[in-house]
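Undergrad: The structure under discussion is supplied below as structure tokens; questions concerning it will follow.
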Amino acid sequence: MKDYSINSPTAYSVARSRALSDIPLSKEIADWAMEHVVVRKDNLEAFLPRRVLNVEARYKLIDKVISNQNPTQILELASGLLPRGYLMATKGVTFVETDLPEMMEVKKRMLNELLLKSPPTLFLEKANALNLKELEGACKHFSSKESLIITNEGLLRYLNFEEKTIVAQNVHTLLEKFGGVWITSDITLAKRFTPERLNKIKNNIGMDITPNLFRDLKHAKKFFSDLGFTLKLHPFKEIYSELVSHKGKEIPKKELKYALAWYVAEMRVKK
Ligand SMILES: C[S@@+](CC[C@H](N)C(=O)[O-])C[C@H]1O[C@@H](n2cnc3c(N)ncnc32)[C@H](O)[C@@H]1O
């Protein structure tokens, strides 16, 4: 079995990017991770204003699209150190976070050590997104009478097309059972990555993600449609007025355009 955890350290740099925004708990989480887990030196590339803004936008837009569904139960894949589960569960949503075993252990430790009293509707489960049995196990907390939201951000770019297909099929199976919607920002297009950036990612995590990227939007749409999903795309611009991490910084127009030229997809099982 492939070791998917090689990209787990990327969860720490995204967590630190979020700390430069006003997303609740992000600073506390990033400080904790820096003190207790992160041993590597800073990957400064991750903290360029355009990347920070992009991470802030994807988090906030996913939240907005989720809120529009009046959620009662949510399954998050590859949660890393995201605060969403804790924040939504404190409002009464049944929220199941999943990630690989090691990362879930870190997350549990983090919630304990930050003295965040776990809300009764928050569950942390070890599940590989490619493993349907593990995902189904994590879904034991949900009611089969209510529709389910499945969400993920920053996962699919680390998976090749065969692996993405398995994840999409797993999501499809779960949504067929519960009804509901898949909300993800993982429509990662090749043109958003320069060769230098791809090289840096390769140096950081020892993985070349080039073959994992969608050629263009048409390719991404066809990929998910062929797997039985309808797609509604939300451009990151939808959330622009709520972004703060770029405030007070000189951010060139081109960079701003880069940060916002992405999408959150809202996908449903085709009837
Ligand atoms: C870039 S991080 C993103 C973390 C989080 N979603 C965020 O936005 O902060 C990638 C995450 O994917 C997780 N991951 C990688 N492969 C996975 C798999 N096959 N199943 C579940 N999680 C996986 C890693 O452990 C890591 O937490």
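The values are calculated or read from the model by the stated rules, or taken from the named source; none is laboratory data. Because the structure is a prediction, the values reported are computed rather than measured. Every residue, glycine among them, receives a Cβ derived from its backbone with ideal geometry; neighbour counts consider all protein chains shown.
Undergrad: Before we move on, is P83 in contact with a helix residue (DSSP H, G or I) (Cβ under 9 Å, 6 or more places away or on another chain) and either more than 15 Å from the ligand (Cβ to nearest atom) or aromatic (F, W, Y) (or both)?
TA: no
Undergrad: Among the residues of region 145-158, write down those that are surrounded by fewer than 19 Cβ atoms within 10 Å (Cβ to Cβ) and within 17 Å of F95 (Cβ to Cβ).
TA: E146, S147
Undergrad: How many of the residues in region 167-203 are under 21 Å from A78 (Cα atoms) and surrounded by 16 or more Cβ atoms within 10 Å (Cβ to Cβ)?
TA: Residues flagged as under 21 Å from A78 (Cα atoms) and surrounded by 16 or more Cβ atoms within 10 Å (Cβ to Cβ) within region 167-203 amount to 19.
Undergrad: Another question about this same structure. What number goes with the only condition from (1) closer than 29 Å to K247 by Cβ; (2) more than 16 Å from the chain's Cα centre (by Cα); (3) near the ligand (Cβ under 9 Å from one of its atoms) that Y59 does not pass?
TA: Of the numbered conditions (1) closer than 29 Å to K247 by Cβ; (2) more than 16 Å from the chain's Cα centre (by Cα); (3) near the ligand (Cβ under 9 Å from one of its atoms), the odd one out for Y59 is (2).
Undergrad: Also, quick follow-up: With the structure loaded, tell me whether P101 is touching a strand residue (DSSP E or B) at 6+ places or on another chain (Cβ under 7 Å), touching a residue at least 12 places away in the same chain (Cβ under 8 Å), over 24 Å from I239 (Cα atoms) and surrounded by fewer than 20 Cβ atoms within 10 Å (Cβ to Cβ) or whether it fails that test.
TA: yes
Undergrad: Another question, then. With respect to the numbered conditions (1) charged (D, E, K, R); (2) modelled with pLDDT under 95; (3) out of contact with any helix residue (DSSP H, G or I) (no Cβ under 7 Å at 6 or more places or on another chain), which one is the sole condition not fulfilled by K200?
TA: Among (1) charged (D, E, K, R); (2) modelled with pLDDT under 95; (3) out of contact with any helix residue (DSSP H, G or I) (no Cβ under 7 Å at 6 or more places or on another chain), the lone unmet condition for K200 is (3).
For every residue, the table says whether it meets (1) more than 17 Å from the chain's Cα centre (by Cα); (2) within 14 Å of the ligand (Cβ to nearest atom).
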residue: L87; (1), (2): no, yes
residue: T98; (1), (2): no, yes
residue: K107; (1), (2): no, yes
residue: L122; (1), (2): yes, no
residue: L130; (1), (2): no, yes
residue: K133; (1), (2): yes, yes
residue: E146; (1), (2): yes, no
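Here is a yes/no grid of residues against (1) within 17 Å of G154 (Cα to Cα); (2) modelled with pLDDT under 95:
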{"position": "S17", "(1), (2)": "yes, yes"}
{"position": "L25", "(1), (2)": "no, no"}
{"position": "V39", "(1), (2)": "no, yes"}
{"position": "A46", "(1), (2)": "yes, yes"}
{"position": "P49", "(1), (2)": "no, yes"}
{"position": "I62", "(1), (2)": "yes, no"}
{"position": "L77", "(1), (2)": "yes, no"}
{"position": "R84", "(1), (2)": "yes, no"}
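Undergrad: Look through L111, L122, L115 and report the one residue that is farther than 30 Å from F214 by Cα, in contact with a helix residue (DSSP H, G or I) (Cβ under 6 Å, 6 or more places away or on another chain) and without any contact (Cβ under 8 Å) to a residue 40 or more places away in the chain.
TA: The unique qualifying residue is L122.
Undergrad: Checking the condition closer than 17 Å to Y4 by Cα, in contact (Cβ under 8 Å) with a residue 60 or more places away in the chain and among the acidic types (D, E), which residue from E176, E146, E153 passes?
TA: E153
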